[in-house]
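For reference, the structure is listed below as structure tokens.
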There are 2 protein chains.
Amino acid sequence: MQEPGWTNDPLSILIGAISQEEFFAAYYEQKALLHDHNNPEQFADLLSITRVDDIIASSELPPASLDMARKEPPIKRSYFTFKNGNIDRGAVIRHYQQGATIILNQLHLADKKLATFVRALENVFSTHVQTNVYLTPPNSQGFSTHYDDHDVFILQIKGEKIWRLYRKPIDNPYRGESFKSGEYEVGDIEKEFILKAGDCIYIPRGMMHDAESHGEDPSLHITVGLLVKKWADLMLEAMSEVALRHPKFRRSIPPGFARENFDKQKAAKVFTELVEEFKTEANFEEVFTFFKESFIRFRGPDVSGSLVEASKAMEPSDKYVRRTNSQVLLRCSDKESIIICGGGNIHFGLEAYSGLETAMSGESFTMADFKGIELEEAEDIIRKLNAFGLVKKIKE
Amino acid sequence: MQEPGWTNDPLSILIGAISQEEFFAAYYEQKALLHDHNNPEQFADLLSITRVDDIIASSELPPASLDMARKEPPIKRSYFTFKNGNIDRGAVIRHYQQGATIILNQLHLADKKLATFVRALENVFSTHVQTNVYLTPPNSQGFSTHYDDHDVFILQIKGEKIWRLYRKPIDNPYRGESFKSGEYEVGDIEKEFILKAGDCIYIPRGMMHDAESHGEDPSLHITVGLLVKKWADLMLEAMSEVALRHPKFRRSIPPGFARENFDKQKAAKVFTELVEEFKTEANFEEVFTFFKESFIRFRGPDVSGSLVEASKAMEPSDKYVRRTNSQVLLRCSDKESIIICGGGNIHFGLEAYSGLETAMSGESFTMADFKGIELEEAEDIIRKLNAFGLVKKIKE
């Protein structure tokens, strides 16, 4: 079975003709990139108005998953929720008829295709990825000019919108530098274009932008957000890591430091010493590994089909393969083999290590690949890998 | 009017014969220090069982302000609170009769003397100080061996307790290193003594300790906690400050960094560059000033008597003086004079600067000390200083 492009090569689907190398070198975190696919069906398989209809009618729809927006007259949450906070589905559709945009927050949490797409992008970027979906009725107003504090790809699914890009008042905004209304001058339009169905635009964080609906059709788009870890986050972690090893960093700053007659020369000297000590002691390997493991542990595993498999008998001839876009780190201590994956650590015996290497290699494998292990035990290991969404059975 | 010792020289009241220099050099954050005052009345003026009786009977007593503890049988919060969370004062006294300890958390928030004492200590240490009060009935069990993650002074007010000190499993515990039950071996007793009324013990954070009641009388003690900022906090702030000035720190860590085939050599090089850049760019002055101003802004002002003054007429001959232990920073920009103090910034005209210098000098002053300013305006400046608890009228 051929997997769709957004599973195997999700970035190319977004940026098109430009190579990944060029994207990362010349655009990523720097410049906007418009990809005019000239194919209205480019993203049609990913989401549709029919699917949004289905989600609003038949999914659980917890309060945080849906929002609405309209420029004039503004819309309040109470207009489309019941007193207990639950979504009033009828009111949602009624307000959509009256010009309000429907926003489905974090839709990848409730939609299998978007979840697969997000998982694929997370594997490319090694970052947390989210999807928010916007369905805007025809002839309705857009949103005010602002910048986001994370990079986004806008995938236009249906209809079209006029987009305008402006300057970056802040280069890669960091903590506490989120957009505040009225604080920045918008300045001149630097780019204006119609985003048509099938087109995609990448907008780096910090770049001001706005959009309004265009044409007679409703507009449906997905905003894919990249919630990246910054170098500053890693450097702060490196500082904390040094502090945990070196008691000097854990001593109090000088008693009385805020007094008017406090002589800060000695404190300045300690500061210089600690900066020097940080330089000597900062441990890239330790912190990089910590970030890598944390990132992988917080991914959501793909267990689709795992329950069906778990309900069936296994045969020694059954072939398995690691799931596309599952992220793992295989480790071994002197006592056990460990797979770090979405959800945490899974533990195995030491003797399973070489079999696990084969299983995680991406090549197909069977129970017999767990060499030196009884078939029964190998079966249980594969069941465990299946349960946590790491492998799946190959259907032949 | 003579101010009590715990206003003018609060640290000496605690550590006694040892000089402040010796305390900070040899004990602070390192070793316990027992001060046997041999004077049961040493702290009698600060707090008494009668005062605790009064607080329980006649103060507001919000739910968070009171807790109870008993080793066996354990006591639950529901035993001494109503369904709406309010304290059941009768039940508190009944459970005290039945062997439970009454804990008054953060009592300095509700008690004027403790507030004054705390303010004085905050001025010595330049750190946030808190007081928790423990009233234990006779013949009751103590608490389990543990360490605190902040330094404490224990002031025994009434009765006595047996204290035992053990080793420090962690030298100056930092974030995430709070005591966890069962994680540390207690080890041998390193010091055992009876803390009698009027005695005081300093225990550095990280040092294991326990105590149990002793003798036929109830025990009343104040635990003064120093919630210090550590050098690591300042270094982390320094890193954030550099990150805000240097976009390099705000770029994402490399896309794909968690992938199995990721080549981390380039990332390691960037890390080294950023460590070097931090060394060059780390700004002690900036961060030290930020910590100083933040500390002072978050102090609680002492406005006692200010309302009485505000209800009276002022005479040009009235003398004022800066309040003991009020903490301020006097600044001027090209447009105004600013006093940074507990609660935030207070703004004055530029022409008030030299008068404010006199007012904050600690010497007495009158309206006439605001040279070149109309008496009426000088009166309003003094009223403003009085309102925010910075000065008080000298009673002659």
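From B:A258, B:A267, B:A238, which residue is small (G, A, S), facing chain A (nearest Cβ under 8 Å) and in contact with a Pro (Cβ under 8 Å, 6 or more places away or on another chain)?
Working: B:A258 fails: in contact with a Pro (Cβ under 8 Å, 6 or more places away or on another chain); B:A238 fails: in contact with a Pro (Cβ under 8 Å, 6 or more places away or on another chain).
The unique qualifying residue is B:A267.
What number of residues in the stretch B:282-310 are buried (at least 17 other Cβ atoms within 10 Å of the Cβ), more than 24 Å from B:F370 (Cβ to Cβ) and not aliphatic (A, V, I, L, M)? Write out each step before concluding.
At the first step, the residues of the stretch B:282-310 found to be buried (at least 17 other Cβ atoms within 10 Å of the Cβ) are B:282, B:284, B:287-288, B:291-292, B:295-296, B:299, B:301-303, B:306, B:309.
Then keep just the ones that are more than 24 Å from B:F370 (Cβ to Cβ); that gives B:282, B:284, B:287-288, B:291-292, B:295, B:299.
So of that shortlist, the ones also not aliphatic (A, V, I, L, M) come out as B:284, B:288, B:291-292, B:295, B:299.
Looking only at that region, the number is 6.
Among the residues of the stretch A:159-188, write down those that are open to solvent by less than 50 Å² (accessible area, probe 1.4 Å), away from chain B (no Cβ under 14 Å) and under 30 Å from A:F43 (Cα atoms).
Selection gives A:G159, A:K161, A:I162, A:W163, A:R164, A:L165, A:Y166.
Can you name the residue in the stretch B:99-146 that is of a type in the set (V, I, T) and within 22 Å of B:Y79 (Cα to Cα) and is also surrounded by the most Cβ atoms within 10 Å (Cβ to Cβ) among such residues? Please lay out each step first, then the result.
Quick first cut of the stretch B:99-146, residues of a type in the set (V, I, T) only: B:101-103, B:116, B:118, B:124, B:127, B:129, B:131, B:133, B:136, B:145.
From the residues that got through so far, the ones that are within 22 Å of B:Y79 (Cα to Cα) too are B:101-103, B:133, B:136.
Details: B:T101: 23, B:I102: 23, B:I103: 17, B:V133: 24, B:T136: 27.
Going through the qualifying residues, I end up with B:T136.
Quick test of your reading of the structure: B:D151 fulfils all but one of (1) in contact with an Asp or Glu (Cβ under 8 Å, 6 or more places away or on another chain); (2) modelled with pLDDT of 95 or more; (3) away from every other protein chain (no Cβ under 14 Å). Name the failing condition by number.
(3)
Taking the stretch B:200-218 as the search range and keeping residues that are part of a loop (DSSP other than H, G, I, E, B) and open to solvent by 10 Å² or more (accessible area, probe 1.4 Å), which one is nearest to B:H95 (Cα to Cα)?
First, pick out the residues of the stretch B:200-218 that are part of a loop (DSSP other than H, G, I, E, B): B:204-208, B:215-218.
Now narrow it down to the ones that are open to solvent by 10 Å² or more (accessible area, probe 1.4 Å): B:207, B:215-218.
Numbers: B:M207: 31, B:G215: 20, B:E216: 18, B:D217: 17, B:P218: 14 Å.
Applying the filter and picking the extreme gives B:P218.
Can you pull out every residue in the stretch A:2-24 that is assigned to a helix (DSSP H, G or I) and open to solvent by 20 Å² or more (accessible area, probe 1.4 Å)?
Within the stretch A:2-24, the first condition is being assigned to a helix (DSSP H, G or I), and the residues that meet it are A:5-8, A:10-15, A:20-24.
Hits for the stretch A:2-24 are A:G5, A:W6, A:N8, A:S12, A:I13, A:Q20, A:E21, A:E22, A:F24.
Being more than 7 Å from every other protein chain (Cβ to nearest Cβ) and at pLDDT 95 or above narrows it down to one of B:F290, B:F295, B:F284, B:F249, so name that one. Break it down stepwise before answering.
Details: B:F295 fails: more than 7 Å from every other protein chain (Cβ to nearest Cβ); B:F284 fails: more than 7 Å from every other protein chain (Cβ to nearest Cβ); B:F249 fails: more than 7 Å from every other protein chain (Cβ to nearest Cβ).
Checking each option against the conditions leaves just B:F290.
Is it the case that A:E21 is out of contact with any strand residue (DSSP E or B) (no Cβ under 9 Å at 6 or more places or on another chain), assigned by TED's automatic domain parsing to the domain that holds A:L220 and closer than 15 Å to A:I222 by Cα? Working first, answer last.
On the way: out of contact with any strand residue (DSSP E or B) (no Cβ under 9 Å at 6 or more places or on another chain): yes; assigned by TED's automatic domain parsing to the domain that holds A:L220: yes; closer than 15 Å to A:I222 by Cα: no.
When the stated conditions are applied, A:E21 does not pass them.
Under 6 Å between Cβ atoms, at least 6 apart or on separate chains: pull out the pairs that start in the stretch B:176-187 with a residue that is free of Cβ contacts under 8 Å to residues at least 40 places away in the same chain and end on any residue that is part of a loop (DSSP other than H, G, I, E, B).
These pairs meet every condition: B:E177/B:I170; B:S178/B:D149; B:F179/B:Y147; B:Y184/B:P169; B:G187/B:Y166; B:G187/B:R167.
What residue, among those in the stretch B:232-242 that are in contact with an Asp or Glu (Cβ under 9 Å, 6 or more places away or on another chain) and of a type in the set (A, V, I, L, M, F, W, C), is farthest from A:W231 (Cα to Cα)?
Applying the filter and picking the extreme gives B:A238.
If you scan the stretch A:86-123, which residues turn out to be in contact with a strand residue (DSSP E or B) (Cβ under 7 Å, 6 or more places away or on another chain) and among the small types (G, A, S)? Working first, answer last.
Pass one, the stretch A:86-123, residues in contact with a strand residue (DSSP E or B) (Cβ under 7 Å, 6 or more places away or on another chain): A:87-88, A:92, A:95-96, A:100-108, A:114, A:118, A:121-122.
Passing the criteria: only A:A100.
Looking at A:F193, A:F153, A:F179, A:F117, can you tell me which residue is among the hydrophobic types (A, V, I, L, M, F, W, C) and touching a Lys or Arg at 6+ places or on another chain (Cβ under 9 Å)?
Result: A:F193 is the single residue among A:F193, A:F153, A:F179, A:F117 that is among the hydrophobic types (A, V, I, L, M, F, W, C) and touching a Lys or Arg at 6+ places or on another chain (Cβ under 9 Å).
Condition (residue is within 14 Å of another protein chain (Cβ to nearest Cβ), hydroxyl-bearing (S, T, Y) and more than 26 Å from A:I18 (Cα to Cα)) applied to the stretch A:202-218: is it met by at least one residue?
Checked the stretch A:202-218: no residue is within 14 Å of another protein chain (Cβ to nearest Cβ), hydroxyl-bearing (S, T, Y) and more than 26 Å from A:I18 (Cα to Cα).
I'd like the full set of residues that are over 30 Å from B:I296 (Cβ atoms), free of Cβ contacts under 8 Å to residues at least 12 places away in the same chain and open to solvent by 60 Å² or more (accessible area, probe 1.4 Å), limited to the stretch B:219-261.
B:R251, B:R259, B:E260, B:N261
Out of A:S304, A:S311, I need the residue that is in contact with a Ser or Thr (Cβ under 9 Å, 6 or more places away or on another chain), more than 10 Å from every other protein chain (Cβ to nearest Cβ) and not hydrophobic (A, V, I, L, M, F, W, C). Which one?
Values: A:S311 fails: in contact with a Ser or Thr (Cβ under 9 Å, 6 or more places away or on another chain).
A:S304 is the lone residue from the list that is in contact with a Ser or Thr (Cβ under 9 Å, 6 or more places away or on another chain), more than 10 Å from every other protein chain (Cβ to nearest Cβ) and not hydrophobic (A, V, I, L, M, F, W, C).
So, of the residues in the stretch A:262-281 that are among the basic types (K, R) and under 20 Å from B:F125 (Cβ atoms), which turns out to be least open to solvent (accessible area, probe 1.4 Å)?
Once the filter is applied, the top-ranked residue is A:K264.
Does B:I154 satisfy being open to solvent by less than 20 Å² (accessible area, probe 1.4 Å) and β-branched (V, I, T)?
yes
Just the residues that are open to solvent by 10 Å² or more (accessible area, probe 1.4 Å) and within 21 Å of A:T324 (Cα to Cα), please, taken from the stretch A:354-378.
Step one: list which residues in the stretch A:354-378 are open to solvent by 10 Å² or more (accessible area, probe 1.4 Å), which gives A:354, A:357-358, A:360-364, A:366, A:368-369, A:371-377.
Across the stretch A:354-378, the qualifying residues are A:S354, A:E357, A:T358, A:M360, A:S361, A:G362, A:E363, A:S364, A:T366, A:D369.
Which residue pairs have Cβ atoms closer than 8 Å, lie 6 or more positions apart in sequence or on different chains, and pair a first residue in the stretch B:121-144 that is within 14 Å of another protein chain (Cβ to nearest Cβ) with a second residue that is among the hydroxyl-bearing types (S, T, Y) and in a strand (DSSP E or B)?
B:T127/A:S252
Just one of the numbered conditions (1) open to solvent by 80 Å² or more (accessible area, probe 1.4 Å); (2) closer than 27 Å to A:E122 by Cα; (3) not polar (S, T, N, Q) is not true of A:L390; which one?
Result: A:L390 passes all but (1).
Could you list, in sequence order, the residues of the stretch A:311-327 that are open to solvent by less than 60 Å² (accessible area, probe 1.4 Å) and either at pLDDT below 95 or not β-branched (V, I, T) (or both)?
Keep residues of the stretch A:311-327 that are open to solvent by less than 60 Å² (accessible area, probe 1.4 Å), which gives A:314, A:318, A:320-327.
Those that are open to solvent by less than 60 Å² (accessible area, probe 1.4 Å) and either at pLDDT below 95 or not β-branched (V, I, T) (or both): A:M314, A:D318, A:Y320, A:R322, A:R323, A:T324, A:N325, A:S326, A:Q327.
The values are calculated or read from the model by the stated rules, or taken from the named source; none is laboratory data. As the structure is a computational prediction, the values presented were derived from the model and not from experiment. Counting neighbours? That spans all protein chains shown, and the Cβs are built from the backbone with ideal geometry, glycine included. For the accessible areas, the whole protein counts, side chains as well, though only heavy atoms, and no ligand, DNA or RNA atoms are used. Shrake-Rupley method; radii C 1.70, N 1.55, O 1.52, S 1.80 Å.
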